[in-house]
1. How about the range 290-342: which of its residues are among the hydroxyl-bearing types (S, T, Y), within 16 Å of the ligand (Cβ to nearest atom) and open to solvent by 30 Å² or more (accessible area, probe 1.4 Å)?
2. List the strands (runs of 3 or more DSSP E) inside the range 103-181, counting only whole elements, that have at least 2 residues being out of contact with any Gly (no Cβ under 7 Å at 6 or more places or on another chain) and under 30 Å from N264 (Cβ atoms).
3. Between V36, V44, V27, V16, which is aliphatic (A, V, I, L, M), part of a loop (DSSP other than H, G, I, E, B) and either on the phi < 0 side of the Ramachandran plot or within 26 Å of the chain's Cα centre (by Cα) (or both)?
4. Suppose we filter V16, V44, V31 for residues that are assigned by TED's automatic domain parsing to the domain that holds S157 and over 21 Å from V74 (Cβ atoms); which single one remains?
5. Quick check: is even one residue across the range 306-313 under 18 Å from the mean Cα position of the chain (by Cα), within 18 Å of T202 (Cβ to Cβ) and touching a residue at least 24 places away in the same chain (Cβ under 8 Å)?
6. Could you check the range 52-96 and list, in sequence order, the residues that are touching a residue at least 60 places away in the same chain (Cβ under 8 Å) and open to solvent by 30 Å² or more (accessible area, probe 1.4 Å)?
7. For the range 277-303, name all the residues that are under 21 Å from A350 (Cα atoms) and at pLDDT below 85.
8. Which of (1) at pLDDT 90 or above; (2) over 22 Å from A350 (Cα atoms); (3) surrounded by 14 or more Cβ atoms within 10 Å (Cβ to Cβ) is the odd one out, the single condition R220 does not satisfy?
Amino acid sequence: MILTRNYKFRLYPNEVQEKKLQNNLAVCRWVYNKFVEHAKNGFVSRNDCNYYLTELKQAESWLYNYHSKMLQAVSTQIDGSQKAIMELSKKGHKTGQLRFCRYSDYRTFTYNQTGYKFEQCGKHRYLHLSKIGHIEIRLHREIPANSKIKQVIVTKSKSRKWFACITLDIQEPLIPKKIFCKCVGIDVGIKSFTYDSDDNHTPNPRNLQKMLKPLARIQRKVSRRKKGSNNRLKAILHMQRVHEKISNKRKDFQHKLSTQYARNNDVVFIERLEKTNMMKNHRLAQSIADASWGSFVQKLEYKCRMLVQVPARNTTIDCSRCGNTVPKSLAVRIHKCNKCGLTSDRDYNASINILQKGLKIFNHDKLPQELRKVTLVENPNGSMKQEEIIQFVG
Ligand SMILES: [Zn+2]
């Protein structure tokens with residue numbers, strides 16, 4: 001089986017190389033904006049874009065100084081954006097036209113199939129990009145030997161760091177593990193980021209909340225500086241660094257937690273999140289955006305052997321032992337059932353509900369203690385729709 005993976009490595013260009021990289025971005029943006037102008041009167045296919053590119057090259061011979069595949073990748077990009085817009089308008093959304101891209105918004109270019117090479121010189125590793133040169137790269141993980149590099153995407157972050165995203169095709173012998181033994185239900189929340197049916201909970205790191213004060217300070221600083229001045233630029237760069245730090249902390253936390261769940265469990269059940277509804281609560285909107293459960297679920301999705309999203313309806317108010325409905329506001333942290341007498345943490349109760357609902361999707365329904373004996377069998381076809389391919393055996 002061939003797996004496609006993306007690895008992201010930090011690049012350390014020297015001053016000359018950084019200028020060249022920046023120059024490449026500028027050229028790609030120039031071509032992009034030419035295409036946008038070209039596509040003004042309706043859809044332009046990728047081939048049309050490429051024809052137009054050859055015309056452009058004849059008129060502007062300096063374009064030959066840049067890697068041709070990189071420029072062609074821009075037409076792929078335009079093609080994709082146009083198709084995305086058409087998709088949206090087909091679905092009845094209100095759509096506009098493609099817009100010209102600002103200097104500060106254009107921050108990636110792509111080397112597809114050719115023009116890149118990895119080289120080693122002593123301790124240092126280099127990424128060789130055609131027409132740019134050998135750029136020092138930190139390979140914090142090894143590139144698998146049985147893999148083929150499909151493309152390299154060079155990105156500049158807002159705080160002016162350079163990265164290379166490498167797309168790999170990895171040949172991997174598929175050994176399907178047929179037996180699912182360990183299942184877990186996860187409830188996500190604001191107080192505890194996750195509370196699972198094994199009674200483990202992880203407190204919410206509140207990365208944004210902790211940084212609000214320094215952020216406000218730096219934002220004030222930016223607004224006090226004169227527009228267009230160097231000092232304002234410096235302050236903006238500082239602000240971007242703070243934002244990047246927050247988002248890095250969030251990613252780090254979510255990666256560690258999701259990896260832990262994926263390693264220790266065969267099947268993970270999680271509630272299906274209705275984010276747009278949740279964001280309507282103005283008091284909680286910031287906390288919800290900060291927690292960003294969506295990206296957590298995304299990480300679980302590609303790490304877990306099997307992830308099942310369960311409808312979230314009534315998971316917090318139903319009693320996990322007897323099914324009695326116990327309505328409670330957000331402030332009530334303890335679930336107390338007056339029918340069967342069950343007293344537990346509110347989120348723990350919810351996670352067990354999620355687990356039970358999830359198992360019902362698999363056509364069976366047992367208490368969590370007995371789950372360890374349960375055997376579910378995966379369809380050898382290995383398709384992704386859980387409900388269809390799993391059948392209860394033991
Ligand atoms: Zn009860």
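1. Taking the range 290-342 first, the residues among the hydroxyl-bearing types (S, T, Y) are 292, 295, 302, 315-316, 320, 325, 329.
Next cut, within 16 Å of the ligand (Cβ to nearest atom) only: 315-316, 320, 325.
Across the range 290-342, the qualifying residues are T316, T325.
2. Values: elements: 108-112, 116-121, 124-129, 133-138, 147-156, 162-171.
Result: 162-171.
3. Numbers: V36 fails: part of a loop (DSSP other than H, G, I, E, B); V27 fails: part of a loop (DSSP other than H, G, I, E, B); V16 fails: part of a loop (DSSP other than H, G, I, E, B).
None of the others qualify; the one that does is V44.
4. After applying the criteria, what remains is V16.
5. Yes: one or more hits.
6. N65, Y66
7. N277, M278, M279, N281, L284, S287, I288, A291
8. (3)
The values are calculated or read from the model by the stated rules, or taken from the named source; none is laboratory data. Because the structure is a prediction, the values reported are computed rather than measured. Here Cβ is always computed from backbone atoms with ideal geometry, including for glycine, and neighbour counts include all displayed protein chains. Ligands, DNA and RNA are excluded from the accessible area calculation, which covers all protein heavy atoms including side chains. Shrake-Rupley method; radii C 1.70, N 1.55, O 1.52, S 1.80 Å.
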